[in-house]
Amino acid sequence: MVPAVTRLGLNSFRSYAALSLEIDPRPVVLTGPNGAGKTNLLEALSLLAPGRGLRRARLADLDRRLGGEAGQPWTVAAGLRLPAGDMEIGTGREPGPESAGQETGRDRRVVKIDGRFVRGASALAKLFSVAWLTPAQDRLFLDRAGERRRFLDRLVYGLDSDHAERVSAYDRAMSGRGHLLREPGSPDVAWLAALEAQMAEHGVAVAVARRDLVARLNTVAAARASGPFPQPALTMTGGLESWLDQAPALAVEERLMAALADARPRDREAGGAAVGPHRSDLTVVLVAKNRPAAECSTGEQKALLIATLLAHARLVAAARGLPPLLLLDEIIAHLDAARRAALFAELLALGGQCWLTGQDEALFAEMGEAAQFLRLAEGLPVRRRDNNGARS
């Protein structure tokens, strides 16, 4: 048995006032015109994982709006079929005590598993893995380094459920240090040192986890070098990574603490922190041409992204015994017929549930009875069809 969403319920989420959808564990193909709500459905599913979802939206921005006014706080509920048994997951926006539904930045996301509140969304990563590709990521190799770090961190979550909390803990410590440095007068040196110790501990752990995943992805990708998608070679680059090449993690922690202490005057003027895992970057090379991904064609970049995600999915399946839930928004854009067929074959071979979107149902026809096809129409309920186009 593989992880699968068998029921999805939305309330006041994006374009959906309410939705109740029952599906089976097969791959799901969502088709319909632009604006029909396909990506909104994938975004709701992406909130079954830690983080802010595939659009990285603010919680209040996910509320359905009527005439520009926000309605009730959104909720997402899902029934999951897992090897350990069926499970119910719920998540949503809980307004802060002073917000009364308004956007004050005090809102928080709450999570329930089988009807019980859990502390933090990181508990979701312990149940199963969720990964996605969206059209916005087509520019990943041309975008800022922060986008590539977030992409890689999302993949790390699939194998290391504690990684999300380490990233958050590092960010909190760095933010606290920055706030302390900006305060008038002389900062509390002892408190600064404590925050820098937290940054060193969590920051080195983040860097080690990223490097470990990159090495494992490269091994899996090299084993499929003759497959339908090009082989990527991934590398994490940055000051912290070069230190880890030279010394063990504990020694790098001490070096990072010393570097942060030395950089206090400069960081006070410039803001942020001059050194740490937030300065690292993910580089990708198309092995067959020994060409950086940023210099490849649009089609090659898309194929490299898909190759990386498939390598990750195979790695997760081998390591956890469960393939990840894949959310693939407009995934076949820039793919020719041969690569489309190859992608469908790879997804079916993985054996997990995946959700794919597109405007033209005919382009997914090769998936046949192995998939279930849902057609969305703006302002109308989801209409379920069998593979011959008949409503059910």
* **In the stretch 152-163, the residues that are more than 20 Å from residue 140 (Cβ to Cβ) and among the small types (Gly, Ala, Ser)** => 161
* To do: Take the stretch 16-50 and flag every residue that is touching a residue at least 60 places away in the same chain (Cβ under 8 Å) and among the small types (Gly, Ala, Ser).
  => 32, 35, 36, 37, 46, 49
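Which one of 270, 263 is hydrophobic (A, V, I, L, M, F, W, C) and at pLDDT below 95?
Numbers: 263 fails: at pLDDT below 95.
The unique qualifying residue is 270.
Scan the stretch 13-51 for residues that are outside any strand (DSSP E or B) and buried (at least 17 other Cβ atoms within 10 Å of the Cβ) and report the count.
If we filter the stretch 13-51 for residues that are outside any strand (DSSP E or B), which is where we start, we get 14-15, 23-27, 32-51.
Pick out the ones that are also buried (at least 17 other Cβ atoms within 10 Å of the Cβ) and you get 14-15, 23, 27, 32, 36-51.
So the count comes out to 21.
Please enumerate the residues belonging to the stretch 321-342 that are farther than 17 Å from residue 297 by Cα and in a loop (DSSP other than H, G, I, E, B). Break it down into steps so the answer makes sense when it comes.
Initial filter on the stretch 321-342 (farther than 17 Å from residue 297 by Cα): 321-330, 337-338, 340-342.
321, 322, 323, 324, 329, 330 - these are the residues of the stretch 321-342 that are farther than 17 Å from residue 297 by Cα and in a loop (DSSP other than H, G, I, E, B).
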* What is the residue count in the stretch 266-301 for residues that are more than 24 Å from the chain's Cα centre (by Cα), of a type in the set (A, V, I, L, M, F, W, C) and in a helix (DSSP H, G or I)? -> 3
* To do: Determine whether the stretch 124-145 contains at least one residue that is among the charged types (D, E, K, R) and either surrounded by 21 or more Cβ atoms within 10 Å (Cβ to Cβ) or over 30 Å from residue 311 (Cα atoms) (or both).
  => no
* Consider residue 310 carefully, then state whether it is closer than 13 Å to residue 27 by Cα and either outside the structural domain of residue 41 (by TED's automatic domain parsing) or in a strand (DSSP E or B) (or both). => no
* In this structure, is residue 158 in contact (Cβ under 8 Å) with a residue 40 or more places away in the chain and either surrounded by fewer than 15 Cβ atoms within 10 Å (Cβ to Cβ) or not hydrophobic (A, V, I, L, M, F, W, C) (or both)? -> yes
* Structure fact -> Subset of the stretch 323-347, residues crowded, with 20+ Cβ neighbours inside 10 Å and among the hydrophobic types (A, V, I, L, M, F, W, C), comes to 325, 326, 327, 328, 331, 332, 343, 344, 347
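Given the options 294, 273, name the one that is of a type in the set (A, V, I, L, M, F, W, C) and surrounded by fewer than 18 Cβ atoms within 10 Å (Cβ to Cβ).
Values: 273 fails: surrounded by fewer than 18 Cβ atoms within 10 Å (Cβ to Cβ).
None of the others qualify; the one that does is 294.
The values are calculated or read from the model by the stated rules, or taken from the named source; none is laboratory data. For clarity, every value in this text was computed on a predicted model and none was experimentally measured. Cβ: placed from backbone, ideal geometry, glycine included. Neighbour counts: every protein chain shown.
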